[in-house]
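These notes are about the structure you will find just below.
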Amino acid sequence: MKKKFRGIEPYLWILPSVLLMAVFIVIPIGFVFRMSFSKISKAGLIKGFCGFDNFHKVLNSPVFSMVLKNTIVWTVAVVGLSTLLGFILAIILNNEFKGRKIARAVVVFPWATTLIVQASIWKFIIDTDYGTLNTLLMKLGIIDHAINWTPTAGAYFAWEIACGIFVTIPFVTFTVLSGLQSIDEGFYEAATVDGANYWQKMFQITIPLVRPSLTVSTVLNIIYVFNSFPIIWTITKGDPANRTDTLVTYLYKLAFYNGKQGDAAAVSVIGFLILFICASIYMVSVLKKGDD
Amino acid sequence: MEHTKSNKKIVSRIFLYLVVIIICLITLYPYFVTICTALKSRAEIFSTSGTVFPIHAIWSNLIDVWSRAPMASYMRNSILIAGGSTLLAMLCGIPAAYALSRMKFKGQTAFLGFVIVSQMFAPVVLLIGIYKVMMSLHLTNSIVGLIFINAAFNQAFAIWLLRGTFMSISSEMEQAATIDGCNRIQALIKILLPVAAPGIVTALIFVFINAWNEYTVALTLISTDTFKPLTVGINIFNGYNMIEWQYLFAASLYAIVPVVILFVGIEKNLVGGLTSGGVKG
Amino acid sequence: MKKVLTAGAAMAMVLSMASMGAMAEDTVDVNVIAAQYGQNTADWWAQFVEDFNADNPGINLNVEVVSWNDIYTVVNTRIANGEAPDVLNIDVFADYQADDLLLPIQDVVSEETYSKMYDAFLDQSEVDGTVWAIPDLASARALYYNKDILEAAGVEVPTTWDELTAACEAIKAYDDSIYPWGIDMTTDEGQAAFAYYTWNNGGGFVDDEGNWTLNSPENVEAIEYAISLVNAGYTNSDPANDTRYDLQDMFGAGKIAMVIAPNSLPTYIADGGNEVNYGVASIPSNTGESVSAGVMDRFMCFDNDYTDEEKAAITTFFDYFYDDARYTDWVAMEGFLPATKTGGEALAAADPDMASWIDILASCKFYPTAKAEWADVKQGVISAEQNALLGESVQEQLDNLQAEIAG
């Protein structure tokens, strides 16, 4: 009896979590797959199976490759830079200094703000005509007339990426901070006795020990950023002419502005496959390294 | 020799403070803008001769938002949703992470992979399916429904982070406690959780903030004003004829307060929770 | 742990109480989703619901007010799940009609209320000889100009495109920190720009038979003209991202000299605390005949297999809403124009400005929203405009769009 319980015990421990995700995530995902293979009317009613028609339509659309490219640039830039900057910030905040508590609370701010509001504020700051950045710089005497901070679609996209980095840094910082907390001081003391300098300690102790928590948070970060919607939607809605669209804003327009929910579902399945492949490669390579 | 060393120390100290101050200034700049805008009239916000500080600070804007919209009710709903989601996410996530770090079973890796894969669709994409599930459970237009959704969407981070934290903690003390007659649940609560506080606090903050800021699902599920959270509720200032920036920004300032209070309250657990307990090398 | 459990139990109790909501007894429910026009909309509806439910004890009316940013998301999610509201207040109806989701509006609107509507408005909601929606309000567009700037620059109010170009040049020469002309080609409302220029060049979305004519020579010329104004530096710096709100606020602040805007602009500027010495004129035209653009929103009724009782409740709702006193209050609340004859007469009698707007409305053209392809056309012309702003050929863009829409 006891042995039998031992066998099923782990499954009882994970059961609540499995149930939660199965009901509220897996079933809706199944529905997306079904929609991606269905003909759907503009009002959103399913009118039967249509094979790969939606995928064909989406992949043949001239804007799709541009949107995909944007998505990759967006994800790589936001995740890469926010991981780097967030890591540095965590190292800084891990020092003992007066006011550390305040500094840590301040760093939480961008995270504690709803993304839509955060993005609205940024839109407000960089606006050419009434933006506060121009006003501030003019008052400080740094510039003498309003600068157009967003002369091209590329400039807009760069600002959106900056905003994305700004709101993602706290997430990385606190993940790293919690990892740093669990490093035994003894390692550093031993290294100091051995005559290691700051950078040697950084690369030989800190980074290897923080890496496990950073690996997972980076994978999740890639997923969250890839699927991030509010920043781009609030600042440009993908304008002009899809130049700043990512897959998510693009499919949102397809689904809710153009009444093409089948196409939108197909786009999200494609996005999922891309993420799935990338994440699998990344995880496998990282886990392999970990085993060596 | 001694002298230069302490000089060097002072310089690096000053440098540290400088960096921290610059980071804080950059981080706070958008909030400075928010506050200033919240105190301006719309005419001043868009005036040709832009101002940094409001010329006539309209302090009443900060009070008016409470009567222009049922802010108190929005705030209460947000706290219920975020608090409930955090609690539920932890109640499901901690046991799962415990099993993953302390037991060996078939399908362990598959489960870990499944947890990640479950995150790969944006909630925006899943709206229609989520609504369908909620309809069959009679949880549309209900705070409980939002708690389930937010808890589910935050399982991945909670489980992975907690699993990592638990694995970095040696199981020797729990084993000793088991010999002393504790069962697994007691060992988990009495021995492991206190030691794992930094990881738990990080997961807690993460889930709370995500649930606090969730927008799209709440928007489609909630149909009456009484159950709207802040994120959806403050949309009242974002109309077809006009966007009332001053109120929108004033309301969003209030929205930050509970999160910062929560953070400051539990921040000390982020530091030094690991003074006791063996750390695996 | 015990503490946590008690806290959890307490929370669960509070929540289950919170989720129960109002339980109806022997009443008929009527569920309405309404668009949020402005700051006052939600309050107005709340008062309406209170009055209605007090006056009609057998009916339980529930009105959900949703912002324009989100209304399509909310409505389409519900409809895809078979949870359509009973009555919907939104701008378009053709997609719902195409899926047989709607009832002919005369099934649920009393003859008396129906006869109040302007016929021209009802025509806009007709498909296959049946009217599927009734208008709740309208707005019309005209040219607003800053009198002080035009006077200082020494220009007359332009009526033709040549005069417009000349006026822009003069204003630019007078003060180059002012944008002479405002253009909005955003995803928000870029289709309006398409209408302003093509309609005033003898073109448009459709021909007299209702066939799509998106790449007609008149349209190409019109859009090329609009883009030329942008390229010459006569407009706001970023037409693909400056929404009508931005333009209206900049007009209010004296940063834009001329802009095409809805009749609610003066209210908008006054509410914001700005004072501008403005005038109103016809939209400049290249054909000698100025065409104004009208925008109209609607009520439609979804076919949710009603009992006679429920149908009667919906009829009561419409009668109550279009009651003359209540209806004029509704229209005036956010500065819109009435869609009923009785409302029009009442408002025109009270306010001469309103009377001239109601005249403009009578000669307005409307978007072809009754056509099934409208959603695609709307996004298509916006995309074409934005591509043209980026330097692509207008002809090519509109040719592609026409080919995609009309096959």
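Every number here is computed from the coordinates shown, using simple stated rules; none is lab data. This one's a predicted model, so the numbers in the text were calculated from it and none came from an experiment. Cβ coordinates were reconstructed from backbone atoms using ideal geometry, including for glycine residues, and neighbour counts include every protein chain displayed.
Any lysines with Cα under 29 Å of the B:K228 Cα? List them, leaving off those in the same chain fewer than 8 positions away.
A:K42, A:K123, A:K237, A:K253, A:K260, B:K40, B:K132, C:K3
Out of all DSSP beta bridges with both ends in the protein assembly as shown, state the antiparallel percent to the nearest 5. Spell out each step's value before the answer.
Numbers: 30 of 48 bridges.
In the protein assembly as shown, DSSP labels about 60 percent of beta bridges as antiparallel.
Run the numbers on the range C:131-246 and let me know its relative contact order in percent, using alpha-carbon pairs under 8 Å that are six or more apart.
On the way: 104 pairs, mean separation 28.9, N = 116.
25 percent.
When the dipole is taken about the Cα centre of the range C:98-187, and only Lys, Arg (+1) and Asp, Glu (-1) are charged at their Cβ, what size is it in debye, to the nearest 20? It would help to have the intermediate numbers written out before the result.
Numbers: 4 positive and 19 negative charges, 72 e Å.
Charge dipole, the range C:98-187, about its Cα centre: 340 debye, nearest 20.
So, counting K/R as plus one and D/E as minus one, what does the shell of residues with Cβ under 10 Å around B:L219 add up to? Don't jump to the answer; show the numbers that get you there.
Working: positive: B:K228; negative: B:E214, C:D70.
For residues surrounding B:L219, the net value is -1.
Compute the distance in nm between two label points, each set 7 Å from the Cα along the Cα-to-Cβ direction, one at B:S6 and one at C:S237.
5.4
Listing B:M90, B:M103, C:M296 from the residue with the fewest other Cβ atoms within 10 Å to the one with the most, what is the order? Intermediate results must be reported in sequence, preceding the final value.
Working: B:M90 20, B:M103 15, C:M296 25.
Placing the least packed residue first, the sequence is B:M103, B:M90, C:M296.
Compute the Rg to Rh ratio over the range A:143-189 from the alpha carbon atoms, using the Kirkwood formula for Rh, and round to two decimal places.
Dividing the radius of gyration by the Kirkwood radius yields 1.37.
Scan chain A and note any complete DSSP helix (H) whose C-alpha atoms cover at least 24 Å along its axis and whose Kyte-Doolittle average is 0.0 or more.
Numbers: long enough: A:2-21 (29 Å, 0.34); A:64-93 (42 Å, 2.00); A:153-181 (42 Å, 1.37); A:207-226 (27 Å, 1.45); A:261-291 (44 Å, 1.30).
Counting only whole DSSP H runs, the qualifying helices are A:2-21, A:64-93, A:153-181, A:207-226, A:261-291.
If amide H atoms are built 1.01 Å from N in the plane of the peptide, which residues on other chains or at least 5 residues away come under 5 Å of the amide H of C:L101?
none
Between the range B:101-136 and the range C:228-304, what's the alpha-carbon centroid distance in Å?
47
Hey, what do the phi angles of the range C:259-265 turn into as Karplus ³J(HN,Hα) couplings, whole Hz, using 6.51/-1.76/1.60 and θ = phi - 60°, x for Gly and Pro?
Values, residue by residue: 7, 8, 8, x, 4, 7, 3 Hz.
Count charges around A:L59 for me, please; just the other residues with Cβ under 13 Å from its Cβ, Lys/Arg as +1, Asp/Glu as -1. Numbers along the way, then the final one.
Details: positive: A:K57; negative: A:D53, A:D263.
With Lys, Arg at +1 and Asp, Glu at -1, the net is -1.
For the range A:192-224 and the range A:15-71, write down the distance between their C-alpha centroids in whole Å.
That distance is 38 Å.
Looking at chain A as a GNM with Cα springs under 10 Å, which of A:F174, A:F31, A:F226 has the largest mean-square fluctuation?
A:F31
Classify the range B:69-239 from the C-alpha gyration tensor, please: rounded if a/c falls under 1.5, else prolate or oblate depending on whether a/b exceeds b/c.
On the way: a/c = 2.76, a/b = 1.99, b/c = 1.38.
In terms of gyration-tensor shape, prolate.
Please give the helix C:217-231 orientation as an angle from the longest Cα principal axis of chain C, in degrees from 0 to 90, rounded to the nearest 10.
Helix C:217-231 and the main axis of chain C meet at about 80 degrees.
Taking a ≥ b ≥ c as the square roots of the eigenvalues of the Cα gyration tensor of chain A, is the shape rounded (a/c under 1.5), prolate (a/b larger than b/c) or oblate?
Numbers: a/c = 2.24, a/b = 1.11, b/c = 2.01.
Oblate, because a/c is 1.5 or more while a/b does not exceed b/c.
Please give the net charge around B:S73, taking every other residue with its beta carbon less than 11 angstrom from that of B:S73, where Lys and Arg add +1 and Asp and Glu add -1.
Working: positive: B:R76, B:K228; negative: B:D225.
Overall, the nearby charge balance is +1.
Springs between alpha-carbon atoms under 10 Å, Gaussian network over chain B: tell me which of B:L18, B:L87, B:L62 tops the mean-square fluctuations.
Among B:L18, B:L87, B:L62, the largest GNM mean-square fluctuation belongs to B:L18.
For chain B, what is the mean residue ellipticity at 222 nm derived from helices alone (per DSSP H run of n ≥ 4: -39500 (n - 2.57); sum divided by total residues; nearest 500 deg cm²/dmol)?
Details: 14 runs with 191 residues, N = 281.
It comes out at -22000 deg cm²/dmol, rounded to the nearest 500.
Sum -39500 (n - 2.57) across every DSSP H segment of at least 4 residues in chain C, then divide by the residue count to get the 222 nm mean residue ellipticity, nearest 500.
Details: 18 runs with 195 residues, N = 407.
Per the formula, -14500 deg cm²/dmol.
Considering every pair of different Cα atoms, what Kirkwood radius, in Å, is found for the range B:60-107? It would help to have the intermediate numbers written out before the result.
Numbers: mean 1/r = 0.0723 Å⁻¹.
The answer is 13.8 Å.
Limiting things to C-alpha atoms, what are the Rg and the maximum Cα-Cα separation (Dmax) for the protein assembly as shown, in angstroms?
Final numbers for Rg and Dmax: 30.0, 101 Å.
Using alpha carbon centroids, what distance separates the range A:96-121 and the range C:120-177, in Å?
45
Scan chain B and note any complete DSSP helix (H) whose C-alpha atoms cover at least 30 Å along its axis and whose Kyte-Doolittle average is -0.5 or more. Show your work: numbers first, answer last.
Values: long enough: B:2-38 (53 Å, 1.07); B:71-102 (45 Å, 0.93); B:245-266 (33 Å, 1.95).
Helix filter hits for chain B: B:2-38, B:71-102, B:245-266.
Between rounded, prolate and oblate, where does the range A:1-97 land on the alpha carbon gyration tensor, with a ≥ b ≥ c its root eigenvalues, rounded for a/c under 1.5, else prolate if a/b exceeds b/c? Show your work: numbers first, answer last.
Working: a/c = 3.46, a/b = 1.12, b/c = 3.09.
Note, shape of the range A:1-97 comes out oblate.
Let me have the 222 nm mean residue ellipticity of chain A computed from DSSP H runs of 4+ only, each contributing -39500 (n - 2.57), with the sum over all residues rounded to the nearest 500. Intermediate values should be presented prior to the final figure.
Values: 14 runs with 210 residues, N = 292.
Calculated mean residue ellipticity at 222 nm is -23500 deg cm²/dmol.
What does the charge dipole of chain A about its Cα centre add up to, to the nearest 20 debye, if the Cβ of each Lys and Arg holds +1 and the Cβ of each Asp and Glu holds -1? Walk me through the intermediate numbers first.
Numbers: 24 positive and 16 negative charges, 210 e Å.
I would put it at about 1000 debye.
Apply the Debye scattering formula to chain C, with a single equal point scatterer on each alpha-carbon and no solvent, then give log10 I(q)/I(0) at q = 0.11, 0.13, 0.14 Å⁻¹.
Debye intensities relative to I(0), on a log10 scale: -0.87, -1.14, -1.28.
For chain C, set up a GNM with springs between Cα atoms under 10 Å and report which of C:N304, C:N236, C:N219 has the largest fluctuation.
Answer for the Gaussian network model of chain C: C:N304.
Expressed in nm to one decimal, what extension gain is obtained for the pair C:D128 and C:T27 from 0.36 nm per residue of sequence separation less their Cα-Cα distance?
Working: separation 101, 0.36 × 101 = 36.36 nm, distance 3.56 nm.
Taking 0.36 nm per residue and subtracting the Cα distance, the gain is 32.8 nm.
Once both axes come from the Cα atoms, what is the angle between helix C:374-389 and the longest principal axis of chain C, in degrees from 0 to 90, rounded to 10?
The helix C:374-389 is inclined about 40 degrees to chain C.
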